[in-house]
Amino acid sequence: MNLYGIRAIYLFEMARMRRTLMQSVASPVLSTALYFVVFGSAIGSHMVSIDGVSYGAFIVPGMIMLALLTQSISNASFGIYMPRFTGTIYEIHSAPISYVEIVLGYVGAAATKSILLGAIMLATARLCVPFQIEHPLWMVAFLVLTAVTFSLFGFIIGIWADGFEKLQIVPLMIVTPLTFLGGSFYSIDMLPPFWRTLSLFNPVVYLISGFRWSFYGVADVGLPLSLGMTALFLVLCMAGVRWIFRTGYRLKS
């Protein structure tokens, strides 16, 4: 294992975060804080509790998960796309470093940035609405597992994209709508039977449900199912990355 190579990629990507603090940290934290103020305080004060949890507190896990998914994808996709765009990806290929070590460096840095952002947003939410975390270890586990999984997904998008526009297509056109429709602002139990059944085909439902359970002990689907779906997506992403490096898809041309 080339730890020096992994460390070099990891530190380079983390340094990019320090250079773009306003874009990578301040902007998502500010936008999420506005969600808490508008939905949690203004609208939440006129709504009844959901599953015994105040509305302002109920949306906290969903809002953190929304930011975590989008930032994990964005950090990882941009991190691997830039070496392809500038041509430095060939220097990485010629270095004595395996594809596993390359992925560990890029995905590890993207997941770290997302987890740090999630922690900052958790502290910010605490200033806006009161809430408790009943299962802190499970909360951390879901946070880390989701960050790693979607950083891998973002890595795949960064390889697939052949322009800056495509880097934003999946997060904006697919992930964000699925997150809003996945129970970020409501429980899917509140939906009519048809729409509730349809929502179960949305993979983000399982992420938000498991994460919310770690906070309040309530969930739309069972914890084992939430973990299983997240683990399944992780395995699929790992298989996708392995296929990319085995075939050289968009890496050797």
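Each value in this text was obtained by applying a stated rule to the coordinates, not by laboratory testing. Keep in mind that this is a model prediction, so the values were computed, not measured. Reconstructed Cβ throughout: ideal geometry from the backbone, glycine too, with neighbour counts over all protein chains shown.
Between the listed residues SER209, SER98, PHE180, the Cα displaced farthest toward the positive end of the dipole of the chain, a dipole computed from Cβ unit charges relative to the Cα centre, is found at SER98.
The trypsin sites (Lys or Arg not before Pro) found in the range 174-253 that occupy coil by DSSP, while having at most 14 further C-beta atoms within 10 Å, are ARG250, LYS252. State whether the range 96-146 is rounded, prolate or oblate according to the following rule on the C-alpha gyration tensor (a ≥ b ≥ c being the square roots of its eigenvalues): a/c under 1.5 gives rounded; otherwise a/b larger than b/c gives prolate, and the remaining case gives oblate. Taking the square roots of the gyration eigenvalues as a ≥ b ≥ c, the range 96-146 is oblate.
The helix-based estimate of mean residue ellipticity at 222 nm for the chain, built from -39,500 (n - 2.57) per DSSP H run of four or more residues and divided by its residue count, is -22500 deg cm²/dmol to the nearest 500. Dipole size of the chain about its Cα centre, with +1 on Lys/Arg Cβ and -1 on Asp/Glu Cβ: approximately 580 debye, rounded to the nearest 20.
A protection proxy built from the mean count of other Cβ atoms within 10 Å ranks the segments 198-208, 28-38, most packed first, as 198-208, 28-38. With contacts taken as Cα pairs under 8 Å at a separation of at least 6 residues, the range 117-253 carries a relative contact order of 34 percent. Where in the chain are the DSSP H helices whose C-alpha atoms run 15 Å or more along the long axis and whose mean Kyte hydropathy is at least 1.6? The qualifying helices are 136-160.
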